[in-house]
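What follows is a single structure, written as structure tokens, with notes after it.
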Amino acid sequence: MAVPLFETAATLAPLRDELRAAIDRVLDSERFILGPEVQAFESELAAYTGAAHGVGVANGTDAITIALRAMGVGPGDEVVVPSFTFYASAEAIPPTGATPVFCDIDPATYCVTAETVRAALTPRTKAVVVVHLFGNVAPVAQIEALGVPVLEDAAQAVGSDSADGRAGALATASTISFYPSKNLGCFGDGGMILSSDERIAEQARILRFHGSRDKVDYEQLGYNSRLDELQAAIMRVQLPHLDDWAAGRRETARHYEQAGLGELVTLPVPVTGASPAWHLYVVGHPQVGRLEQALAAANIGYKPYYRTPVHRQPPMRQWAAGLELPGTEEAAARHLAIPMSPVLTREQADEVVAAACTA
Ligand SMILES: *Cc1c(COP(=O)(O)O)cnc(C)c1O
């Protein structure tokens, strides 16, 4: 039996009627952009994470650019960002006028640490983009203790928890993506900026709307980056189920552990105090090609997400001359995502482990 990498349709199946009703409600309202559904969803997601304010935007990449600008990042500044992440974490920095400075990760957790961030700080560092990769929760408090403002890239970590609170409410500001495969996915593109700082939220609101408060006066160069009513209404149906889905993702990780996967591959290690709602379940193997072949032969979904780390992608090389990031290179060479969803069964986990045995 095939085991797919994700299970989006199965997870949403019980909500079909409620989703249709939400879509109808928006059609009836004749409000499609930045209306009451967006406002309600902004408050509901902020309340869920523990942040004071939410600002809906068009996608998780815009969310990073706009949040950094709202935090005061601009030309001449440096922003530290890990290289082992989705490309957009770094791509969102140059549009602010700042330059990305790549830092290393701990390959056991796939996240940055206070040590890897400290090594990249200079007098020009204005902010650090801390990525909660794969749903793990990076040690935000330790990084803030270095004296530098943090933006959490929580695109992969909504639903994840830590000793200090939920991912998305740990730093000066955070960003979330609602790309359909993420832990809380919409039916298109969407994103949000969260912050407990009233001024940052206000700045983000202005920037997402052409740099204007009222569409009459334009006080800065902004963006057209807004969240749709339809997407907000769809996510308002899903948000009350996020904790159950997060629990299902943790249960899937337990199935893998109990089935003995840890004897065959390196399992992802939660950061101290973190309770990850694993977005992707990413294991390590010294000869990862053999693991890929074994899973392919058994019809099991897998994907190497970041084989070439961001600092070695052509548009980023100008900011990475001579840079060596050993933890990043190790993770890039050895990692492989295997099936993860809130509904993966113990039997399916056993199948994955049986296939991994043949690698
Ligand atoms: C998905 C993702 C983004 C970008 O989100 P989009 O909504 O696709 O623009 C940024 N950072 C990380 C870590 C992501 O996984």
### Message
Looking at Gly222 and the list (1) assigned to a helix (DSSP H, G or I); (2) more than 16 Å from the ligand (Cβ to nearest atom); (3) not basic (Lys, Arg), which single condition is not satisfied?
### Response
(1)
### Summary
Residue set Lys126, Lys182; condition touching a residue at least 60 places away in the same chain (Cβ under 8 Å) and of a type outside the set (S, T, N, Q); output residue Lys182
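In this structure, is Pro180 farther than 23 Å from Thr113 by Cα and of a type outside the set (A, V, I, L, M, F, W, C)? Outline the logic, then answer.
Numbers: farther than 23 Å from Thr113 by Cα: yes; of a type outside the set (A, V, I, L, M, F, W, C): yes.
Yes: the conditions hold for Pro180.
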### Query
Restricting attention to the stretch 154-170, which residues are farther than 18 Å from Asp197 by Cα and assigned to a loop (DSSP other than H, G, I, E, B)?
Ala155, Gln156, Ala157, Val158, Gly159, Ser160, Ala163
### Query
Could you list, in sequence order, the residues of the stretch 35-78 that are out of contact with any Gly (no Cβ under 8 Å at 6 or more places or on another chain), part of a strand (DSSP E or B) and closer than 18 Å to Phe178 by Cβ?
His53, Gly54, Val55
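Applying the selection to the stretch 80-121, what residues are outside any loop (DSSP other than H, G, I, E, B), among the aliphatic types (A, V, I, L, M) and surrounded by 18 or more Cβ atoms within 10 Å (Cβ to Cβ)? Before you say what the answer is, go through the steps one by one.
First, the residues of the stretch 80-121 that are outside any loop (DSSP other than H, G, I, E, B): 80-82, 88-91, 94-96, 99-103, 106, 111, 114-118.
Applying the additional criterion that residues be among the aliphatic types (A, V, I, L, M) yields 80-81, 88, 90, 101, 114, 117.
Within the stretch 80-121, Val80, Val81, Ala88, Ala90, Val101, Val117 meet the criteria.
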### Task
Go over the candidates Ile64, Ile93 one by one and state the one that is within 11 Å of the ligand (Cβ to nearest atom) and either among the charged types (D, E, K, R) or not assigned by TED's automatic domain parsing to the domain that holds Pro276 (or both).
Ile64
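Scan the stretch 11-19 and give yes if some residue there is of a type in the set (Asp, Glu), more than 16 Å from the ligand (Cβ to nearest atom) and in a helix (DSSP H, G or I), otherwise no. Steps first, please.
The first filter runs over the stretch 11-19 and keeps only residues of a type in the set (Asp, Glu), leaving 17-18.
Filter once more, keeping what is more than 16 Å from the ligand (Cβ to nearest atom): 17-18.
Still in the list and also in a helix (DSSP H, G or I): 17-18.
Yes: the stretch 11-19 contains one or more residues that are of a type in the set (Asp, Glu), more than 16 Å from the ligand (Cβ to nearest atom) and in a helix (DSSP H, G or I).
A quick yes/no check of all residues on (1) of a type in the set (Lys, Arg); (2) over 23 Å from Pro94 (Cα atoms); (3) not in a helix (DSSP H, G or I):
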| site | (1), (2), (3) |
| --- | --- |
| Arg317 | yes, no, no |
| Ala332 | no, yes, no |
| Ala337 | no, yes, yes |
| Met340 | no, yes, yes |
| Val343 | no, yes, yes |
| Asp350 | no, yes, no |
| Ala354 | no, yes, no |
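The values are calculated or read from the model by the stated rules, or taken from the named source; none is laboratory data. Just so you know, these numbers come straight off a predicted model, no measurement behind them. Note that we place each Cβ from the backbone using ideal geometry, even for glycine, and neighbour counts take in every protein chain shown.
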